[in-house]
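Colleague: Below is a structure I'd like to ask you about.
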Amino acid sequence: MKDDKSDILWFVAGAAIGATIALLYAPASGSETRRRIGEKAAEGRDAVSNSSREFYEKGKEWFDRGRHLADEASQLFDRGRKIVEG
């Protein structure tokens, strides 16, 4: 299964890098260029932070589901063993 969120994260990172490079070649004063780079860096940092938070929450959700399924399977196994043992 392909991880679409990972692709989105790489796309955002690539777009931020591309925007930074474009700003370096854009005709603007040094201070204006530095300000724009700072803004784009902050936007990229926020996007990565949000994606990381989403990955963490999704991973936690999957872990909790897996643990719940393992607990249910263990209970079913114990019930089945008790039935077989009589």
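Colleague: What are the pairs with Cβ atoms under 7 angstrom where one residue, in segment 52-66, is under 16 Å from residue 8 (Cβ atoms) and the other, located anywhere, is surrounded by 10 or more Cβ atoms within 10 Å (Cβ to Cβ)? Sequence gap at least six, or different chains.
Modeller: Taking only residues 6 or more apart or on different chains, the pairs are 54/5; 55/5.
Colleague: Name every residue in segment 37-71 that is hydroxyl-bearing (Ser, Thr, Tyr) and surrounded by fewer than 11 Cβ atoms within 10 Å (Cβ to Cβ), in order of residue number. Before the answer, list the steps.
Modeller: Taking segment 37-71 first, the residues hydroxyl-bearing (Ser, Thr, Tyr) are 49, 51-52, 56.
Selection gives 49, 56.
Colleague: What about residue 6, is it at pLDDT 75 or above, surrounded by 10 or more Cβ atoms within 10 Å (Cβ to Cβ) and in a helix (DSSP H, G or I)? Before you say what the answer is, go through the steps one by one.
Modeller: Working: at pLDDT 75 or above: no; surrounded by 10 or more Cβ atoms within 10 Å (Cβ to Cβ): yes; in a helix (DSSP H, G or I): yes.
Against the criterion (at pLDDT 75 or above, surrounded by 10 or more Cβ atoms within 10 Å (Cβ to Cβ) and in a helix (DSSP H, G or I)), residue 6 does not qualify.
Colleague: Also, I was wondering about something else. List the pairs whose first member sits in segment 28-44 and is on the phi < 0 side of the Ramachandran plot, whose second member is open to solvent by 60 Å² or more (accessible area, probe 1.4 Å) and part of a helix (DSSP H, G or I), and whose Cβ atoms are under 8 Å apart, counting only residues at least 6 apart or on separate chains?
Modeller: 28/36; 33/24; 37/24
Colleague: Further, regarding this structure: Can you tell me which condition residue 74 does not meet? The list is (1) within 24 Å of the chain's Cα centre (by Cα); (2) hydroxyl-bearing (Ser, Thr, Tyr); (3) open to solvent by less than 70 Å² (accessible area, probe 1.4 Å), and all the others hold.
Modeller: Result: residue 74 passes all but (1).
Colleague: Step by step: first the residues of segment 16-31, then only those that are in a helix (DSSP H, G or I) and open to solvent by less than 50 Å² (accessible area, probe 1.4 Å), then the one that is modelled with the lowest pLDDT. Which residue is that? Quick ask: steps written out before the conclusion?
Modeller: First pass over segment 16-31, keeping only residues in a helix (DSSP H, G or I): 16-25, 30-31.
When the remaining residues are screened for being open to solvent by less than 50 Å² (accessible area, probe 1.4 Å), the result is 16, 18-20, 23, 30.
Values: 16: 77, 18: 81, 19: 77, 20: 74, 23: 68, 30: 73.
Checked segment 16-31; the qualifying residue modelled with the lowest pLDDT is 23.
The values are calculated or read from the model by the stated rules, or taken from the named source; none is laboratory data. Since the model is a prediction, treat every value here as computed from it, not as a measurement. All Cβ positions, even for glycine, are placed from backbone atoms using ideal geometry, and neighbour counts span all protein chains on display. Please note that ligands, DNA and RNA were not included when accessible areas were found on the heavy atoms of the full protein model with its side chains. Shrake-Rupley method; radii C 1.70, N 1.55, O 1.52, S 1.80 Å.
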